[in-house]
Amino acid sequence: MPVRTFTMPKSLNESLANSQPPISDSERPSNKEAQDSFSPAQKEPLANHGVTKKPGITFAAQDKLAKLPIPELESTLKNYCEVLKPLQSKREQDETAAAAYEFLKGEGAELQARLKKYATGKTSYIEQFWYDSYLNFENPVVLNLNPFFLLEDDPTPARDNQVTRAASLVISALCFVRAVRKEELPPDTLRGQPLDMYQYSRLFGTARVPTENGCQIAQDSGAKHIVVLCKGQMYWFDVLDDNAELIMSEKDMVINLQVIVDDAEDTPIHEAAKGALGVLSTENRKIWSGLRDVLNRDEDSNNAECLNTVDSALFVLCLDYVEPATSAALCGNMLCGTSEVVKGVQVGTCTNRWYDKLQIIVCKNGSAGINFEHTGVDGHTVLRFASDVYTDTILRFAKSINGQAPSLWASDSPDPSKRDPASFGDVSTTPHKLEWDMLPELSTALRFAETRLADLIQQNEFQTLEFKGYGKNFMTGMGFSPDAFVQMAFQGAYYGLYGRVENTYEPAMTKAFLHGRTEAIRAVSAESSDFVRTFWADHPAPKKIEALRKACQTHTARTKECAKALGQDRHLYALYCVWQRALDEEGAEAASSNGTDGYSSPVDAGSEMGSPNRNSVSREDDNMSPSPHPKQSAQHMPGLFSDSGWEKINNTIISTSNCGNPSLRQFGFGPTSGDGFGIGYIIKDDSVSICASSKHRQTKRFIDAMEAYFLEIRRLLRSTQQKSKSPKASRAREVEERPESNHKKSKGRAIKGEKNAVDEDKEESDDDDGLGGYGFFDAGMLLQAIKASQEEKEKDRTGEKAMQQRRAVGKKLRLNDY
């Protein structure tokens with residue numbers, strides 16, 4: 001059986017031996033100089049699609065990016081106490097403040113100095129620790145680490161079924177791979193400044209590989225095949241040549257995928273389920289490591305070659321046989337698959353996955369999504385991939401109508417349908433089925449893995465809200481940051497249900513820095529706490545809106561600081577990691593060389609390359625990973641890390657993430673704590689999409705509370721505005737609002753496309769009467785609000801007769817029956 005052997009990349013030590021000294025920040029040209037070295041045609045290929053572009057733009061700015069700054073310790077501790085304050089009692093606040101002061105004057109200064117010494121010559125002071133926090137995670141990655149994207153349906157004809165949609169997505173994904181490998185992908189930018197692109201080099205051909213001592217990220221940088229899963233069965237075929245050029249057209253891809261679907265149908269699903277080894281990737285990492293040893297131990301078996309074929313694939317395509325009917329069911333299918341047991345056998349799509357890799361998932365009706373391994377890439381990177389793939393599918397359809405239509409990536413790559421097959425080189429474009437040797441140990445392990453996975457799926461629930469009332473246009477029109485506005489919706493809805501605020505997390509992207517990842521925005525503030533209490537109390541609308549405005553301003557200010565890498569979480573976590581490994585030796589480097597856990601970073605086992613076009617290697621072979629249980633024999637734990645505040649800030653109840661654009665229908669992930677919620681949200685121009693997950697903690701009720709909050713806050717905003725703005729207002733409509741003297745003479749009667757503002761508000765006030773649809777038992781309405789509502793009704797009845805004021809209770813009996 002033809003399979004491709006996966007050769008492990010060079011070790012980090014080999015890479016280090018050939019590396020050059022790092023470039024200092026002072027030697028780097030500016031980002032603008034790097035950008036200016038490329039023509040407009042290279043930076044905006046869609047606007048200049050007739051121009052052939054030279055390679056090299058993708059990673060051109062890497063050497064010019066500033067390194068992630070290490071914040072001042074005093075500033076970090078001040079921020080730390082500030083974000084904890086609204087979550088603590090007065091006694092806890094005093095204890096945390098005392099611990100922070102002691103840390104600043106004592107161990108903190110020494111750890112800060114060690115951290116700065118450790119960071120010398122490295123791309124990032126937090127990168128190694130951050131990778132290890134993921135790689136040392138021993139629980140299943142499904143529902144715990146891997147997020148998902150749910151794509152919008154393909155708007156083009158003939159792609160409304162599984163095979164045609166999958167073929168289209170795969171071809172576009174391969175075009176993206178080609179653009180990355182040939183460095184033709186324009187860099188991400190923020191306000192004109194290029195962002196770090198390193199993560200794109202880790203997106204394809206990678207796999208999370210478990211070992212006895214933690215996981216590694218393995219990568220085959222020359223991978224040219226994909227793996228297709230259908231009803232738990234696995235197939236592979238080549239899709240690129242050695243020069244990263246496509247060797248298959250969309251029509252060729254349709255044929256291959258249809259052949260795979262037909263072949264998978266030949267095996268009854270109950271039989272196929274018994275060999276669906278992908279379910280093993282959902283196991284505890286140490287158990288999965290042992291099972292991989294079983295797969296690799298017999299030289300006469302196909303299993304080692306089959307495993308290498310999956311590990312080294314560009315990505316995995318999962319063809320599901322289900323057609324989820326609801327948005328929530330679709331989200332669940334993309335995140336963890338379905339669980340359906342028939343006659344004692346698991347036949348759900350949960351067995352049609354390989355969670356250690358990037359996966360494109362396509363349902364029978366063409367609904368599609370992406371599930372990705374999160375260690376090496378963040379949501380922003382995969383969002384670019386998903387958006388470009390979705391866009392390219394539409395542009396390729398446009399090109400089939402008009403050959404002059406633009407392409408997303410300017411390239412001189414040949415059309416695979418017009419190439420001479422002899423130019424493809426050593427490739428195999430015919431699908432091959434991977435035939436595993438089902439040893440008794442594997443059959444038993446698969447059964448237990450599936451039952452544990454089914455338990456895990458049953459323990460979680462998902463609910464979605466696709467709020468169409470308004471979106472970014474309305475929020476900005478009212479003077480709010482859309483992200484801050486939605487974050488306050490989470491706070492308001494949660495407080496309305498439970499009468500308290502909880503630790504809330506939102507990631508801020510730090511890709512403006514070299515190898516930047518994220519910083520933690522803590523959404524609960526003194527201002528947000530004041531807002532939710534004001535909102536649920538008996539106060540006039542202007543006061544509630546003013547409290548909302550202050551809360552949003554505080555959140556926006558925190559977001560900006562975190563985007564500058566000046567938050568508190570990552571810095572304190574790095575100090576904590578330095579303390580854990582700095583035992584007896586002087587300096588953080590010595591501590592890293594004496595680490596005993598032996599956990600490896602992604603570069604150690606993953607790839608021979610650091611940041612493309614960069615002379616320095618991203619990190620040394622320092623095993624300074626945080627262990628689950630800190631060792632206290634050599635050093636006393638600093639009081640800051642034993643204080644209750646440290647535990648509280650690291651226990652996120654409401655974990656949120658804003659990631660999306662019009663190419664996505666939903667985005668989400670599992671809850672990060674047993675008593676918490678995981679909330680992925682997308683803010684579009686005229687809508688808000690939310691996917692919430694929890695371990696059966698009234699998720700539907702929480703979603704309903706958010707919707708009611710959105711309606712109520714709109715009513716309050718409109719009641720405080722002298723002139724209401726339509727969320728769909730446009731520049732063209734604003735012309736009509738200018739003085740009549742500036743208009744041409746009007747002919748005829750103008751037809752307003754909108755309802756009268758007064759009538760609209762009146763209609764909405766009927767829907768939103770009370771407080772946005774919340775009842776006492778629905779959302780924990782505060783007593784003052786109920787009392788105020790009752791007093792208002794009493795005033796309305798003033799002047800009525802006594803008998804009219806008194807209402808009959810119960811059924812009136814007819815006395816003449818007796």
Given (1) among the hydrophobic types (A, V, I, L, M, F, W, C); (2) in the same structural domain as S673 (by TED's automatic domain parsing); (3) crowded, with 22+ Cβ neighbours inside 10 Å, L185 misses just (2)
Which condition number in (1) out of contact with any Ser or Thr (no Cβ under 8 Å at 6 or more places or on another chain); (2) surrounded by fewer than 24 Cβ atoms within 10 Å (Cβ to Cβ); (3) of a type in the set (D, E, K, R) is the one that D252 fails? (1)
Return the total of residues in segment 398-422 being basic (K, R) and touching a residue at least 24 places away in the same chain (Cβ under 8 Å). 1
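Matching residues to (1) modelled with pLDDT of 60 or more; (2) of a type in the set (A, V, I, L, M); (3) closer than 28 Å to Y495 by Cα:
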residue: D686; (1), (2), (3): yes, no, yes
residue: I690; (1), (2), (3): yes, yes, yes
residue: T699; (1), (2), (3): yes, no, yes
residue: A708; (1), (2), (3): yes, yes, yes
residue: L716; (1), (2), (3): yes, yes, yes
residue: S741; (1), (2), (3): no, no, no
residue: K744; (1), (2), (3): no, no, no
Selection within segment 174-200 - out of contact with any Phe, Trp or Tyr (no Cβ under 8 Å at 6 or more places or on another chain) and under 21 Å from V310 (Cβ atoms): L174, R181
If you go through segment 519-539 one residue at a time, do you hit one that is among the β-branched types (V, I, T), touching a Cys at 6+ places or on another chain (Cβ under 8 Å) and either farther than 24 Å from T652 by Cα or surrounded by 21 or more Cβ atoms within 10 Å (Cβ to Cβ) (or both)? yes
In segment 203-222, how many are crowded, with 22+ Cβ neighbours inside 10 Å and either among the aromatic types (F, W, Y) or farther than 21 Å from E138 by Cα (or both)? 4
Matching residues in segment 61-109 (in a helix (DSSP H, G or I), buried (at least 20 other Cβ atoms within 10 Å of the Cβ) and out of contact with any Ser or Thr (no Cβ under 7 Å at 6 or more places or on another chain)) number 12
List pairs: first in segment 423-448 and farther than 17 Å from E305 by Cβ, second exposed (fewer than 13 other Cβ atoms within 10 Å of the Cβ), Cβ under 6 Å, 6+ apart or cross-chain? G425/D242
Does S411 satisfy the criteria of being modelled with pLDDT under 95, assigned to a helix (DSSP H, G or I) and at negative phi? no
What single numbered condition from (1) among the acidic types (D, E); (2) modelled with pLDDT of 95 or more; (3) under 30 Å from the mean Cα position of the chain (by Cα) fails to hold for D597? (2)
Do we find a residue being acidic (D, E), buried (at least 20 other Cβ atoms within 10 Å of the Cβ), in contact with a strand residue (DSSP E or B) (Cβ under 9 Å, 6 or more places away or on another chain) and not in a helix (DSSP H, G or I) anywhere in segment 336-343? no
Scanning segment 323-335 residue by residue, the ones that are closer than 19 Å to L229 by Cα and part of a loop (DSSP other than H, G, I, E, B) total 2
Condition met for A574 (assigned to a helix (DSSP H, G or I), within 28 Å of R114 (Cα to Cα), at pLDDT 95 or above and not assigned by TED's automatic domain parsing to the domain that holds K182): yes
Going by what's in this entry, would G479 be described as at pLDDT 95 or above and in a loop (DSSP other than H, G, I, E, B)? yes
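Conditions (1) assigned to a strand (DSSP E or B); (2) surrounded by fewer than 18 Cβ atoms within 10 Å (Cβ to Cβ); (3) in contact with a Gly (Cβ under 7 Å, 6 or more places away or on another chain), marked per residue:
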site: W646; (1), (2), (3): no, no, no
site: T652; (1), (2), (3): no, no, yes
site: S657; (1), (2), (3): yes, no, yes
site: N661; (1), (2), (3): no, yes, no
site: R665; (1), (2), (3): yes, no, no
site: G670; (1), (2), (3): no, no, yes
site: D675; (1), (2), (3): no, yes, no
site: I679; (1), (2), (3): yes, no, no
site: I682; (1), (2), (3): yes, no, yes
Cβ pairs under 6 Å, 6+ apart or interchain, first in segment 506-531 and at positive phi, second surrounded by fewer than 24 Cβ atoms within 10 Å (Cβ to Cβ) and among the charged types (D, E, K, R), ordered by first then second residue, are H515/E127
Options S172, S201; residue that is within 30 Å of V322 (Cα to Cα) and in the same structural domain as I287 (by TED's automatic domain parsing): S172
Segment 294-314, residues that are assigned to a loop (DSSP other than H, G, I, E, B) and more than 20 Å from F237 (Cβ to Cβ): D298, E299, D300, S301
T164: of a type in the set (S, T, N, Q) and in a loop (DSSP other than H, G, I, E, B), yes or no? no
Does G645 satisfy being at pLDDT 95 or above and of a type in the set (G, A, S)? yes
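The values are calculated or read from the model by the stated rules, or taken from the named source; none is laboratory data. Remember, predicted model here, so these are calculated numbers, not experimental data. A quick note on method: Cβ atoms are made from the backbone with ideal geometry, for glycine too, and the neighbour counts reach across all protein chains shown.
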